[in-house]
Amino acid sequence: MAMLYGKYQFLCQLENEAVLPYYKGSTFRGVFGHAMKRVVCALKRQECAQCLLSQNCVYTRVFETSEFTRPPEGSRIPSVPHPFVIEPPLTTQTHFPEGAAFDFHLILFGELNHDLPYFIYAFDQMGQMGIGRRIQGKRGRFDLRRVKTKGQVIYSDDDPTLRSSDAPESLRVTRPDDFSEDALRLRLTLETPLRFKFGNRLMAELPFHVLVRTLLRRITSLLTCYGEGELALDYQGLVKRAEDVRIVASHLEWFDWRRYSQRQERGMLMGGLLGSITYEGKMGEFIPFMDFCAKVHLGKQTSFGLGKISFERI
């Protein structure tokens, strides 16, 4: 089973100084939502719930999945995941001078890749709206200079025509039985906070079988909603075998950060696990799942850029 997948790099330059939070995903996603609605909304004064165009609107398909999109009938997923991920700059720098360059990535799933021009225009408008804390009454404004994918420039401010490329690609999970079942040692790195629930509560540790459950949940939801359908897998057997994999070293820590939700009009703690953990055991059949999720992120609030993972054999 496969899914259309595109990863796009946005290269920008600040027009004036900017102050951004330590973790920048919430800031980017929040302003991006306002910019996208400004770009695509045809009935400016109409609430989405009462809008005749809501079922065919790019904004509602991107941001209002819980309200306007239902999981396919008979599927095991409780809700439809957002079809995008924003990967903000991972620098811990918070103050950026005028003229500073910064970039970020946008990942799109499924047919929404064909609506890329809306996203480029929305990010261009986002630059004019400004981001971050106000300094002397002004937020940090930026110019969108270029958009690249797979190293190829597909948009620039010198030539705003969108150039064709070989993106999006077809992303698929390689069948697990194509891999050796010999014992391995793998180090998993959580590059941005990973939030997930097990037993209906947020977890501050990561046993391998819990990781596998989280991997399978993410893969199933994306392929069911934006790909060719759910994989035919022995889920119970996979989880059972994952319980035999042991942790040999853990350097995970809980990282708390706060965002302000304009919709709920309150601050929200968005903590998650950061760091690295090393597993040992028969993990060959699980590598395709880890490889897939290294590209699409993992866990909760992935649209903020949370759940960015990488792994290596050691």
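The values are calculated or read from the model by the stated rules, or taken from the named source; none is laboratory data. None of the values given here were measured: they were computed from a predicted structure. Counting neighbours? That spans all protein chains shown, and the Cβs are built from the backbone with ideal geometry, glycine included.
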message: Quick check on region 19-29: of everything there that is surrounded by fewer than 18 Cβ atoms within 10 Å (Cβ to Cβ) and touching a Lys or Arg at 6+ places or on another chain (Cβ under 9 Å), which residue is nearest to Lys308 (Cα to Cα)?
response: Pro21
- prompt: Just wondering, is there one or more residues in region 17-39 that are closer than 28 Å to Tyr155 by Cα, assigned to a loop (DSSP other than H, G, I, E, B) and hydroxyl-bearing (Ser, Thr, Tyr)?
  reply: yes
- prompt: Given (1) at positive phi; (2) assigned to a helix (DSSP H, G or I), where does Gly229 come up short, assuming only one miss?
  reply: (2)
- request: Inspect all residues belonging to region 39-47 and state whether any of them is within 22 Å of Arg145 (Cα to Cα), buried (at least 16 other Cβ atoms within 10 Å of the Cβ) and in the same structural domain as Leu112 (by TED's automatic domain parsing).
  value: yes
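Looking at Phe119, Phe102, which one is in a helix (DSSP H, G or I) and in contact with a strand residue (DSSP E or B) (Cβ under 8 Å, 6 or more places away or on another chain)?
Phe119
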- request: Starting from residues that are modelled with pLDDT under 95 and of a type outside the set (A, V, I, L, M), keep the ones in region 266-285 and report whichever is surrounded by the most Cβ atoms within 10 Å (Cβ to Cβ).
  value: Gly272
- request: Give me the pairs, please: first residue somewhere in region 155-177 and closer than 15 Å to Phe292 by Cβ, second residue anywhere and acidic (Asp, Glu), beta-carbon distance under 8 Å, and either six or more positions apart or on two chains.
  value: Thr174/Asp291; Pro176/Glu285
- line: Among strands (runs of 3 or more DSSP E) entirely inside region 130-217, those with 3 or more residues being in contact with a strand residue (DSSP E or B) (Cβ under 6 Å, 6 or more places away or on another chain) and crowded, with 17+ Cβ neighbours inside 10 Å are 142-149, 183-194
statement: Expected single match for in a loop (DSSP other than H, G, I, E, B) and aliphatic (A, V, I, L, M) among Val62, Val80 is Val80
task: With the checklist (1) modelled with pLDDT under 95; (2) in contact with a Lys or Arg (Cβ under 7 Å, 6 or more places away or on another chain); (3) outside the structural domain of His114 (by TED's automatic domain parsing) in hand, flag the one item Asn200 doesn't pass.
output: (2)
Region 48-70, residues that are surrounded by 15 or more Cβ atoms within 10 Å (Cβ to Cβ), under 16 Å from Glu111 (Cα atoms) and not basic (Lys, Arg): Cys57, Val58, Tyr59, Thr60, Val62, Phe63, Thr65, Thr69
query: Filter region 232-262 for residues that are charged (D, E, K, R) and in a helix (DSSP H, G or I); which is surrounded by the most Cβ atoms within 10 Å (Cβ to Cβ)?
result: Arg241
